[in-house]
C-alpha cells in the first residue's frame, strides 16, 4: 500500500507545474458558466468538462515518466511491475473523481448564485457518473496503448480518442439533459442508468488494468 | 605521516607503500605498537584501490613488520630492532659486495670507493 | 571471499546484439569496475542483475539469494544509479524525499538531507535547473540514503567534467569505508576506475574478456613496443594481442617481467586500462 501511495505521490508532485494552469482552467470554466443563462445546461457542462479535464490531466504523468525515462529507474526500486500499473490506474481514477467532485461543487455554487436555490443532487450526480464513464472509456483504452507504444506514439491515439470521447460524452450528457428536462417522465431510467454506468466504469477499468499488466510485464525496458 | 605515491613509477603501488612504511618503521618514525591507518581509510586518502593497500599490509605482515588484530586494526609489530638492524646490515653488505666486484673488474681502487662513500654519506 | 553478486552463464539475445555466457563475481567490500565500449553489454548485464529485463538464461545471485525469487528483498538493500533514467527533472530534492520514504522501508530522511547539504544541492529547486554534476550527485544521494549494502552504478561519470568526476569518486570511496559495502560500477571512462576500482572486468562484444584485480592488470600487464622483425620471433602463446602500426608493433603481454627475461626486449610500457582495452579490441592474434 505504501508503494502505491509513494508512486502516486510521485505522479502528483510531477504535475506540480500544472497546478497554475489547472486553477486557471477551473476559474475560466467557472466564469464561462456563470455568464450563461441555461442553468441546467451549464451545470452539466461544468461537471463534464472538469471530469474530462482532470482525467486527461492525469494521463500527462505518463509523459513525464517517459521524458525522464523514469520507468527503468522505478523498476530498480523494491516494487513490482503490477504495483507500478496499479498506481497509475489509482492515480487516474482519483484524479477523475476529484475533477468530478470539483465540478459538482462548482455547479452547486453557480446554481445557488443564479437561482438562489439548491439544485437536484441526483441530477448532477448522474451527469457526473456519465462523465466519469466517458473518461473511463478513454483512459481504459489510452493507458494500455501507452504501455504498448509509449506516451509519444500514444499521443496520436489520444487525439483520435479525444474526438471519439467527446462525441460519446456529448451524447451521454445530451441524454442526461433530456432526462433532467423531461424530469418526472422517465424517473425510473434516471435511477437505473447511473447504477449501470457505475458497474460499467468498474468493469472497464478492471479489464483495462488486466490488459495493461499483461502488456507491461512483457515489455522490454 | 607522509606516503608519496607515483603512478608513473615502474615500482608497483603496493610496493611503494610497503617500502615507505617499512622505512618509517626502521627509522623509528613509526613506533612499536603504533596503530596504522585502516586499509580502507588509507586507500581513500591515497585515492587508490582497497586491494592495493591490502596487499601492501599483507606483505608487511608476512615480513613481520606489522601485526593485524582482527576487528581492531593493524599495528607496528614488536619486531626486535636488533633483528631489523641485522637485516638491513645484510642488505647493505650485499650491495657493497656488488659494488666491490664491479670495481675490481674495472680496476677502481679501494680509495676511490672510500672517497665516493664519504661524499655520498655527507649528502642529504 | 564472499561475493555479493554471482552471475552464472548469463545469456540474453536481442536482435543484433547478444550477451554470451557472462560469468561474474563481485566480492564483498570491493569496487568492481565494468569496462567496455558503448554497446558492449555493460548496461544489459546491469539490467539483468536488477531484473529489469524480461527474460534471460542463466542464474544471478545477489547477497547469495536468487535475484528473481527474492527480488523485492534484494532491492531494499541495493542503491541504483542509471545513466539515462531517474525520477522526473521537475522534482526537487524535497519532493524526492517525500516519494522515496514511502518506497524504501529503510529510507533515512536525515541521512538524505545530510548528503543533499554535503553535496551542496539546493533543496527546493527542481533538478532540471541543476548542472550535470549536481544531477549525478542527486541521483547518488537518492541511491545511498536507504543504507544499501550494494551500490550499482551505470556510467556515473559520463558527461561530467574532471572536477565533478573526482568528487563522485570520493563519494564511492567514502561509501566503501564500511567493509560490508560493495560497488559495481560501469564506465567507458577507464581512467576513473583505474585508481579506485579493486577489480576490473572487461566486456567486449557481449563477452567477458577478462576479470582481474586492478594490480594484476596495471602492474603485471605490459605493452611491448618492437619492430616487425622482433615480433616475428615471439611465440604466439606469450602474448595476448598485437596491434600492428606502420612503424612499430604494440604487443600486449600478461606479465611484463617474465617477457623481459625471455625475449630481452627493453621497451615495455606500463599500460593504462584504456591501452589494454584498445589493443584488445583493435589488435589481432
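Quick look at the values:
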| item | result |
| --- | --- |
| P(r) of the stretch B:81-123 over all Cα-Cα pairs, binned every 10 Å from zero, in whole percent | 26, 42, 27, 5 |
| Tilt relative to chain C, helix C:273-282 - C-alpha long axis, 0 to 90 degrees, to 10 | 60 |
| Value in Å of the Kirkwood radius, where the stretch B:13-76 supplies the Cα pairs that are averaged | 11.6 |
| Packing rank of B:95-104, A:203-212, C:191-200, where each peptide gets the mean count of other beta carbons within 10 Å, highest leading | C:191-200, A:203-212, B:95-104 |
| Theoretical gain in end-to-end length, residue C:191 to residue C:285 [0.36 nm per residue, Cα-Cα removed] | 31.2 nm |
| For chain C, convex hull volume per residue from C-alpha positions, Å³ | 149 |
| Scattering curve values for the protein assembly as shown, log₁₀ I(q)/I(0), Debye with Cα scatterers, q = 0.05 Å⁻¹ | -0.37 |
| Anisotropy class of the stretch C:1-148 from Cα gyration tensor, a/c 1.5 cut | prolate |
| Per-residue mean of C-beta atoms belonging to partner chains within 10 Å, peptide C:41-48 | 1 |
| The stretch C:173-216: C-alpha gyration tensor shape, a/c 1.5 cut-off, then a/b vs b/c | prolate |
| Most to least packed among C:228-237, B:27-36, C:155-164 [average Cβ atoms within 10 Å] | C:155-164, B:27-36, C:228-237 |
| Residue A:118-residue A:60 FRET efficiency (beta carbon distance; Förster radius 30 Å; 0.05 resolution) | 0.30 |
| Helix C:109-118 vs. chain C, principal-axis angle (Cα, 0 to 90°, nearest 10) | 60 |
| DSSP beta bridge pairing in the stretch C:150-285, given as percent antiparallel to the nearest 5 | 80 |
| Two-site label geometry, residue A:35 and residue C:111: point separation in nm, points 7 Å out along Cα→Cβ | 5.8 |
| Span from the the stretch C:51-96 Cα centroid across to the the stretch C:156-189 one, whole angstrom | 18 |
| Antiparallel bridge percentage (DSSP; both residues within the protein assembly as shown; nearest 5) | 70 |
| Over the stretch C:237-285: Kirkwood hydrodynamic radius from C-alpha pairwise inverse distances, Å | 11.2 |
| Inter-label distance, nm, simple model (7 Å from Cα along the C-beta direction), residue B:120/residue B:78 | 3.7 |
| Stokes-Einstein D in µm²/s, Kirkwood radius over Cα pairs - chain B at 4 °C with 1.567 mPa s viscosity | 77 |
| Inter-label distance, nm, simple model (7 Å from Cα along the C-beta direction), residue A:67/residue C:21 | 4.7 |
| C-alpha long axis of helix B:13-26 to longest principal axis of chain B, angle in ° | 80 |
| Peptide ranges C:98-108, C:71-81, C:1-11 listed from the most packed, as the mean C-beta count within 10 angstrom indicates | C:71-81, C:98-108, C:1-11 |
| Rounded to 5, percent antiparallel among DSSP beta bridges of chain C | 65 |
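Each value in this text was obtained by applying a stated rule to the coordinates, not by laboratory testing. In this text the structure is predicted, and so the values were computed from the model without any measurement. Cβ coordinates were reconstructed from backbone atoms using ideal geometry, including for glycine residues, and neighbour counts include every protein chain displayed.
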